[in-house]
Structures are given as structure tokens and as C-alpha cells.
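Working notes, structure below.
Derivation of every value follows stated rules applied to the coordinates shown; laboratory data play no part. Because the structure is a prediction, the values reported are computed rather than measured. Cβ sites come from the backbone with ideal geometry, for glycine too, and all protein chains shown count toward neighbours.
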Amino acid sequence: MIGRVSIFVAILMLTAVVLQGGSVGATEDGIGMGIDLLLTPKLVFDPVRMFTSGNPHVKIVALTFDDAPNPYYTEELLGILREKDVKATFFCMGNKCQLYPDLLISILRDGHDIGNHSYSHPKLVDLATDDWQEEILYTNRIINRVLGYDCRLFRPPHGRTTDEITDFVYSHGMTTCWWTVNTGDYLEPQAASVITKTKNGIGPGGIVLMHDGTDCAVDALPGLIDALRNSGYEFVTMSELISGRSVF
């Protein structure tokens, strides 16, 4: 029996093809063929089932952005990261990757990590098994079509998961990634409060959760980077954090 989410996914697939002109190299699985950059991540690591933080003895930190890509915010975030010479990790939604493949390509070209954040951002724990599996696998296929490699990072939408979902993700070569500081930028607080919260809550090997889709993230990011650097932190991607690689 086809679940409601599967039907919704099929509708969004058809919509994306129409928006792209209906002739962008459609493949047999229904995914529009994007520009295959034949790029691979700079660092290949062995996946772990679940990753909550990095080395507690080294002052490194990973900046992560959920809900990417976004036509209004991604380029602004990339510009700040480029100016500050920081590499980050973007957890991307499949439906947005279909609509904005150019932004997905820009993220990779700038040297950032890309992770899977489901297709349409549902609470996976509330879905039938076939539906949450398709949310994850279909997003992987989209990212592979656009960028030419398989996703190795996953973050469950809404931070909700189960042992079954985590085991499934791991069995497909991906690491479920958590965070140590939730900036709460989606609530649109003042940038200064986000910087203070992050600086007070971070520790060696920490992971900062922000979102690609808020004014607050754009406003706070420059000062947040400066504050952490002034506290002695260096920035790494999630792949580097998981692999245990030091940037020194």
C-alpha cells in the first residue's frame, strides 16, 4: 500500500520536472539529471552509527546548517563563510535540492560538507516504514544525481529518530549526526544572544546547530565565528570531526 508521503513525494517529483522544463535529462527513476560534477568529498571516513560530539580534548568545532538549500539565504551564508575562511556542513532537503540544484553545487564547490536531511522534513517517527525510508533514500538519489557521490551524513528532521531509523541510516553507509549547541536561530532571537549562547555552551569537539533559512543565522554568523576564534577554536566539517582529523 502506498503511503500518503509516498504520494506526496511523487507529486513533488512531477512538480520539479515541470519547473525544470520537463526535459532536463529525466532518468528512469524520475529524477532530473543535473550537472554531474564528478566531485568527491575531500575526506572519506568510516561511518559510525551515531555521532554526538568530537574529540573533547581538541578545540575544534563544526558549524552545521539544516534545511538547505534556500534561495534567499544560502548565498549569503556561503559569502560569510568564504570571507571568514570557514568550512561548514549543510544538511539538505531533497525537495529543495530538486528546485535549487545550483545552490547545492555552490555549497560543494566552496568545500563544505553536504548531508541528508530527508526529502520533505516530516517527523520520520510518525511515518510508515516505507515512507520514512523513501524520504531518506530518495534524497540520497537526488544528491547523487546532482553532485555525483553518495551522502555519508544524515540528520533527522526535528531531531526525532528511533533505533530502527538510526540502524537503517547506518546500514546505508551514513552517520546520524547530532549537535551540542542548538542556537535557536529559527526563533529569530537577537544575533547577540545567539553568539552568547553558543560561546557559553560550546566545548572542544562541539557541533553548532543553525539553519539555512533565517535572518538570525545570517546576522549572527560573522560575530559567532569571530567569538569562537577568539576563544581559540578552529572550524572543521562534520566529516573531519567524525574522522578525528585535527586541523593543526
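Structural remarks
- Amide H contacts under 5 Å for residue 153: 116, 175, restricted to partners 5 or more places along the chain or on a different chain, H placed in the peptide plane at 1.01 Å from N.
- Computed from phi, the 3J(HN,Hα) profile of the range 172-188 under the Karplus parametrisation 6.51, -1.76, 1.60 (θ = phi - 60°) reads 9, x, 10, 9, 6, 10, 10, 8, 10, 10, 9, 5, x, 5, 5, 8, 6 Hz, with x in place of Gly and Pro.
- Under a 5 Å amide H cut-off, with hydrogens placed 1.01 Å from N, residue 90 pairs with 65, 113, 114, 115 among residues at least 5 apart or on other chains.
- For the range 39-181, the dipole from Cβ point charges (+1 on Lys and Arg, -1 on Asp and Glu) about the Cα centre works out to 440 debye, to the nearest 20.
- Residue order, fewest to most surrounding Cβ atoms within 10 angstrom, among 160, 152: 160, 152
- Across 59/87; 59/197; 59/199, pairs whose alpha-carbon gap is larger than 21 Å: none
- Annotation: amide H of residue 60 within the under-5 Å range of 205, 206, 234, sequence separation 5 or more or interchain, hydrogens built in the peptide plane.
- Cβ-based exposure ranking for 45, 154, 235, in which fewest neighbours within 10 Å come first: 45, 235, 154
- Shape call, the range 209-248: gyration tensor on alpha carbons, a/c limit 1.5: oblate
- Rounded to the nearest Hz, the phi-derived 3J(HN,Hα) couplings of the range 208-225 under the Karplus curve 6.51 cos²θ - 1.76 cosθ + 1.60 (θ = phi - 60°) are 9, 9, 10, 9, 8, x, 10, 4, 4, 4, 5, 5, 7, 4, x, x, 5, 4, where x marks glycine and proline.
- Taking other Cβ atoms within 10 Å as a rough exposure proxy, 135, 188, 83 sort from fewest to most as 83, 188, 135.
- Tensor-based shape of the range 50-172 (alpha-carbon gyration tensor, a/c under 1.5 rounded, otherwise prolate or oblate): oblate
- Centre separation in Å (Cα based) which lies between the range 150-212 and the range 46-63: 12 Å
- Shown here are the Rg and Dmax of the Cα trace of the range 105-248, at 16.2, 47 Å.
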